[in-house]
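The values are calculated or read from the model by the stated rules, or taken from the named source; none is laboratory data. Just so you know, these numbers come straight off a predicted model, no measurement behind them. All Cβ positions, even for glycine, are placed from backbone atoms using ideal geometry, and neighbour counts span all protein chains on display. Accessible surface areas use protein heavy atoms only, side chains included; no ligands, DNA or RNA. Shrake-Rupley method; radii C 1.70, N 1.55, O 1.52, S 1.80 Å.
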Amino acid sequence: MFSSIAPLARLNPFYAPHFQLVQDGVRKRPEPAEAPSTRRSLAAASAAEEYSCEYGSLKFYALCGFGGVLSCGLTHTAVVPLDLVKCRMQVDPQKYKSIFNGFSVTGLCKFGFYEVFKILYGNMLGEENAYLWRTSLYLAASASAEFFADIALAPMEAAKVRIQTQPGYANTLRQAVPKMFGEEGIWAFYKGVAPLWMRQIPYTMMKFACFERTVEALYKYVVPKPRSECSKGEQLVVTFIAGYIAGVFCAIVSHPADSVVSVLNKEKGSSASQVLMRLGFKGVWKGLFARIIMIGTLTALQWFIYDSVKVYFRLPRPPPPEMPESLKKKLGLTQ
């Protein structure tokens, strides 16, 4: 029984290797990896492909941020009708009205800061620990990026939900912002930041960590050849599939908080705890199916566009992480 469960456990995108397992006096070692570390892999790859900048340089971060702007800006605009349906199902299922929406600034912060924090935390951990604790690294980097992204996003999120859920209140962001400020002051734009963190931080942690580990699993268990032998188009297909899988999990873990945010920004004077108690367990899951479709599609397209930008600008794209040579020597995996 346990022998059949072990392979399934290793397919889990959040599975992490251990140094050594010792059982009944027999030492079990992790399977050896074939590729070198990230930086050495990029250095070797640059001989065959000329990159436009160095991995971790200011130009790299700037272009990653630009990719995030295109990724989030275009995809949020594309899924506005479905997002509107989801919001109305959460707060008033009888009313439907379309509105333009685009949050490029959150893409700039989210994707740009993720790359910054991933490299920063990876350098702090060191090459070996960054590999062994890579899932935790992805989670910490994405949570840090989202924390700052939400501070920039909160005012626009508040205005968006107010326009969507209160027909006749305002038709544009330019109309909504001064009206909201006149009614409630600056608090109108930030009263939802705490539940926004509750929704977006778990969402983004799942979005990035699940995506990274799913890509790794797809190349290891599904794609019949190494990534280095795949064409750019084939790599982007893997990116899209991994993004959709990550998006489904994102929608599930963040939906209760999303329901609270939608209602909170509609009602004046309510707190997140009051809204949560009033909605109850069943109420916070309204609109989940629409959100799964929306977030799955949204996340897949975001990663596809983001990776396409990297390909277009010839940015370094690290391969799935492999065990460093120094760690192989410590574990006796090299001869």
*With respect to Pro324, determine if the residue is open to solvent by 30 Å² or more (accessible area, probe 1.4 Å) and modelled with pLDDT of 85 or more.*
no
*Any idea how many residues of segment 283-303 are farther than 12 Å from Ala242 by Cβ and either of a type in the set (A, V, I, L, M) or surrounded by fewer than 18 Cβ atoms within 10 Å (Cβ to Cβ) (or both)?*
13
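Matching residues to (1) at negative phi; (2) of a type in the set (S, T, N, Q); (3) crowded, with 17+ Cβ neighbours inside 10 Å:
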| residue | (1), (2), (3) |
| --- | --- |
| Tyr138 | yes, no, yes |
| Ser144 | yes, yes, yes |
| Phe148 | yes, no, no |
| Ala154 | yes, no, yes |
| Lys160 | yes, no, yes |
*Would you pick out the residues in segment 117-136 that are under 14 Å from the mean Cα position of the chain (by Cα) and either open to solvent by less than 30 Å² (accessible area, probe 1.4 Å) or under 30 Å from Phe181 (Cα atoms) (or both)?*
Thr135
*Assuming Phe103 fulfils every condition listed in (1) open to solvent by less than 60 Å² (accessible area, probe 1.4 Å); (2) modelled with pLDDT of 60 or more apart from one, which condition is it?*
(2)
*Would you be able to say whether some residue in segment 257-277 is open to solvent by 40 Å² or more (accessible area, probe 1.4 Å) and modelled with pLDDT of 85 or more?*
no
*asked:* When you check Gly168 against the structure, is it open to solvent by 10 Å² or more (accessible area, probe 1.4 Å), without any contact (Cβ under 8 Å) to a residue 40 or more places away in the chain and part of a helix (DSSP H, G or I), yes or no?
replied: no
*Please state which one of Tyr306, Tyr312 is open to solvent by 40 Å² or more (accessible area, probe 1.4 Å) and at negative phi.*
Tyr312
_Candidates Ser98, Ser136 - the one that is among the hydroxyl-bearing types (Ser, Thr, Tyr), at pLDDT 90 or above and under 29 Å from Phe304 (Cβ atoms)_ = Ser136
*Picking from Ile241, Ile252, which residue would you name as being open to solvent by 30 Å² or more (accessible area, probe 1.4 Å), within 13 Å of Ala300 (Cβ to Cβ) and in a helix (DSSP H, G or I)?*
Ile241
